[in-house]
1. Take residue 65 and tell me if it is of a type outside the set (Gly, Ala, Ser), out of contact with any Lys or Arg (no Cβ under 6 Å at 6 or more places or on another chain) and outside any loop (DSSP other than H, G, I, E, B).
2. Kindly establish whether residue 92 is basic (Lys, Arg) and surrounded by 12 or more Cβ atoms within 10 Å (Cβ to Cβ).
3. Residues in the stretch 55-81 that are modelled with pLDDT under 95, surrounded by 13 or more Cβ atoms within 10 Å (Cβ to Cβ) and farther than 14 Å from residue 24 by Cα: how many?
4. Which of (1) within 13 Å of residue 66 (Cα to Cα); (2) at pLDDT below 95 is the odd one out, the single condition residue 45 does not satisfy?
Amino acid sequence: MTVGMIAVHYPETGHFEDFVARVRKVAAVMRATPGCLSATYWADDAGEAVVSTVEWESDDAVAATYAALGTANVDVAFDTRERRPREIIRLRSLP
């Protein structure tokens, strides 16, 4: 069973490009982790939200990815650069 995640981020207007650069670095770390099948990101048409999706082989792969993020030089902090809380949806494949 694969595991997925959709995260919707709402960066402040003045931090949009910086936020995209942050997401790009996090996605690269995720993709380099064994068991991570994909990590991609988009912006909505209005340029107000950044949506990232990740797919893993298993829950163990998710744990390995988050461990890798904890030791990588990436910024995953939620702070004033985002105008509202992130929306994160965890997913599981159906049999």
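The values are calculated or read from the model by the stated rules, or taken from the named source; none is laboratory data. Please read these numbers as outputs of a predicted model, since none were measured by experiment. Please note: Cβ atoms are built from the backbone with ideal geometry, for glycine as well, and neighbour counts cover all protein chains shown.
1. In short, yes.
2. Spelling it out, it is not the case that residue 92 is basic (Lys, Arg) and surrounded by 12 or more Cβ atoms within 10 Å (Cβ to Cβ).
3. Counting residues in the stretch 55-81 that are modelled with pLDDT under 95, surrounded by 13 or more Cβ atoms within 10 Å (Cβ to Cβ) and farther than 14 Å from residue 24 by Cα gives 1.
4. It fails just one condition, (1).
Residues are listed down the side, and each one gets a yes or a no for (1) free of Cβ contacts under 8 Å to residues at least 12 places away in the same chain; (2) loosely packed, with under 14 Cβ neighbours inside 10 Å; (3) small (Gly, Ala, Ser); (4) in a helix (DSSP H, G or I):
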| residue | (1), (2), (3), (4) |
| --- | --- |
| 9 | no, no, no, no |
| 17 | yes, yes, no, yes |
| 21 | yes, yes, yes, yes |
| 25 | no, no, no, yes |
| 28 | yes, yes, yes, yes |
| 34 | no, yes, no, no |
| 40 | no, yes, no, no |
| 47 | no, yes, yes, no |
| 53 | no, no, no, no |
